[in-house]
Every structure is written in C-alpha cells, then in structure tokens.
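Novice: Got a structure here, written out as structure tokens. Questions coming.
Values in this text are rule-based calculations from the coordinates and carry no lab data. It should be emphasised that the depicted structure is a prediction, and the values quoted were computed from it without experimental measurement. All Cβ positions, even for glycine, are placed from backbone atoms using ideal geometry, and neighbour counts span all protein chains on display.
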Amino acid sequence: MSTLSPHLLLLPLSLLLLLSSTLTTAQPPFQCTTTSTCMSLVGYISPNTTTLSRIQSLFQVKTLRSILGVNNLPPSTPRNHTVRANSTVMIPIPCRCFDGVGMSNHVPNYTVVKDDGLFHIASQVFSGLVEYPKIVTANNIKDPNLILVGQDLWIPLPCSCNDVDGEKVVHYGHVAASGSTVGQIAAEFGTTSETLMRLNNMSDPKSLVAGQVLDVPLKACSSSVSNSSPDFPMRIANGTYVYTANNCVMCTCDATNNYTMQCQPSGLTPVNWKTCPTMQCPESSLSLGNSTTQSACSRSTCAYAGFDKDHILTTLAVQNTCPGSEDNSSGALEIHWRGWSLAMVLFAMIMIQRTL
C-alpha cells in the first residue's frame, strides 16, 4: 500500500473484493420496519489489548456507565480497565430505521489516519461489524480506492428496533466465531435456531461462516415508561442495567423478576439538574423501587415511568408474582381486571336486591 500526500491510496478495489470474498459473505441488512429509534448492541472484538476508555472513544459512547451497564460490569469499574485482545465487549448504539434497514444513527465517526484503508477500517478497526462497501455508500465515497488522511467517516453499524414474535427485544450484532454453529449461538443468547435463521435470512444453518454478523434478539424487560419520556422506548436486555433520568435513576433487568424492569434511585450526582427530583408514587406512600405485598400472588411496586424537564415520573404497578403466571408485569391490565371484578360484584348485589 502506498501513500500520496495528502491522499491515502488504498488497495485496488478488485483486490479488496477478492479478499473480502475469501473472508466473509455479503451480510444481509438488519431488517428494521418500525419508524421509531431505539438502542441496540453490537459485539466489538478487540484486536489488541486496550482499555474501556479507548473503546468508548472509538465508538463515541457518551458515558462509560453505558458500556458498564450492557456488559453488567460493576459501576465502580475504572476507565482504564484492561480489555484483553480478542475479548468481546458489548457496545450500545443509537439505532434508526431507514427504508426498512437499521443503521447506527450517524455514529460512530472515524477519522482516517496514515496507512488506513476502507477494508482495514471495516475488518480490523471495527472488528468486522460492518462491511467496507456499506461505509462507501453511507459516506457517498466516489472512489473507494482513494480516501483522505483526516477524513471523517460515518461507520454505519447494523441494528434494529423491530419486535420479534410479538415481544420487545434488544437486537445484538454478534460476530460469529470460527467453529460456532447457529444452535450454539441460539443457546448462548436464549433464543432459537429457527428465530436466528429467520431474522438473518438463512435457509441452511450450515451456511453460517466465521465473521458473519448475526442479528441476535435478546429478551428485554417490560417497562412502564411513557412514550412522552425522552428515554422511550426503554429496552433493557436481560442481565444488564442502565442509568437514566439525568443519572438519577438506575434500572435493571433479569429473569428473577419475571422480566419486569426494576428501577431505584441511583445515588449519583445528576446532570442537567441541581438535585434529583422526588420519586414518590402518586397517591401512595411508596417511593421509586419500593414494593408492598397485596395478596399471595400480587404486589404493588412504585415503578419508573420516565421523566420530563422538571420531574421524574412514577406509577403504581401491580404485578402477579405467582410462578407460571403469564400476566407478571402488566399493572394496567391487573388494575383494569380489579375494576371489572368490583363492577361485577356491585351488579350481582343489585340483582339480588331486585329479586328480594
């Protein structure tokens, strides 16, 4: 590879295509038919020993806590935490849909350095999460054999906001390792081979190749967040946590709570607010994260419902806690059922009185 200042000459496109075809197959785009934006994840495989801080900078993630949360690392983990070569780190990315395809919302942006090439940037710097022709298209590059030192490139990472089989999920861009199978990947991430094959337009599980980026749906917790809140839609994958409401609230997701999002005051110094607003549930003595048992199979929890310019919103959610119950997170449905039951009782009393 030769360099001609101020331009950086790349390998001939024909050679790049040959190299690309020997390493991977063309990646089908992640389908994203909704009109909303969301947060997705990609699995970055570090080519060298590095730090969380450098990875945060590479992907332009606003806060280190966002990376700690999706990897379920302790909140006290330092910025210079070592990441060994070939380790996988989950990266949260803002996703948007365009023409039925999901791409990261104009981040990350990468600045070309000396001796870079589009194939190298795609396959090495960003560990194969994106194919270099997609970088060409996203940045309207007229000549893929020629880019500029110092040129800023948008790296369009794959993502999606679609529901899967009627359920809210967090889509994860997983780079298939050498020797892995569709069945192994499905088992690792709690989904099925059939779902993986359908999402990734695969007709034969044996067609999986090393380096292929798979759209893997991660089960997400249900939540009570209002669609008027800046953090809507709030999808948290199983086994992860996030900070929201200007750092005032910490929310977690895990199977032990029937995949219902659990939130509590974070105890952190807020951003954009001098102090964190009160987090009391309306018409209740409960504050955010507190619960009270109502019966053998139900409990009321002061749940997080979003935030606005001045307030943190809460709602009293009733959860069915009996094992095997399908309705384990819909407070609104259970409240509605209680109201209907009361109405039926009153109706029966009136009919009895009329017959006396």
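Novice: Based only on Cα atoms, what Rg/Rh ratio does the stretch 20-219 have, Rh being taken as Kirkwood's radius? Could the numbers behind the result be given before it?
Specialist: Working: Rg = 16.4 Å, Rh = 17.4 Å.
With Rh from the inverse mean 1/r over Cα pairs, Rg/Rh is 0.94.
Novice: Express in nm, to one decimal, how much length is gained between A177 and Q124 on full extension, taking 0.36 nm for each residue of separation and deducting their alpha carbon distance.
Specialist: Result for the pair: 17.6 nm of gain on full extension.
Novice: Taking the Cα centre of each part, how many Å lie between the stretch 181-202 and the stretch 63-87?
Specialist: 27
Novice: Right, something else. Put a dot 7 Å past each Cα toward the Cβ at F232 and N86; how far apart are the dots in nm?
Specialist: 4.7
Novice: Can you give the Rg/Rh ratio of the stretch 201-281, where Rg is from the C-alpha atoms and Rh is the Kirkwood radius?
Specialist: Taking Rg over the Kirkwood Rh, I get 1.15.
Novice: Could you sort the peptides 142-150, 123-131 by per-residue average Cβ neighbour count (10 Å cutoff), highest mean leading?
Specialist: Answer by packing, highest mean first, reads 123-131, 142-150.
Novice: Which whole-number percentage describes the relative contact order of the stretch 20-219, with Cα contacts under 8 Å and a sequence gap of 6 or more? Don't jump to the answer; show the numbers that get you there.
Specialist: Details: 395 pairs, mean separation 52.8, N = 200.
Here the relative contact order equals 26 percent.
Novice: Also, quick follow-up: Once you place label points 7 Å from the Cα toward the Cβ at A210 and R54, how far apart are they in nm?
Specialist: Result for the modelled spin labels: 2.4 nm.
Novice: So if we plug the beta-carbon distance of T292 and R79 into 1/(1 + (r/R0)^6) with R0 = 30 Å, what FRET efficiency do we get, rounded to 0.05?
Specialist: It comes out at approximately 0.15.
Novice: Highest mean first, what order results for 38-44, 275-281 on Cβ atoms within 10 Å?
Specialist: Working: 38-44: 23.9, 275-281: 15.9.
Going from most to least packed, we get 38-44, 275-281.
Novice: Which links in K168/K309; K114/K134; K62/K274; K62/K309; K62/K142 stretch past 23 Å when you go from one Cα to the other?
Specialist: Beyond 23 Å: K168/K309; K62/K142.
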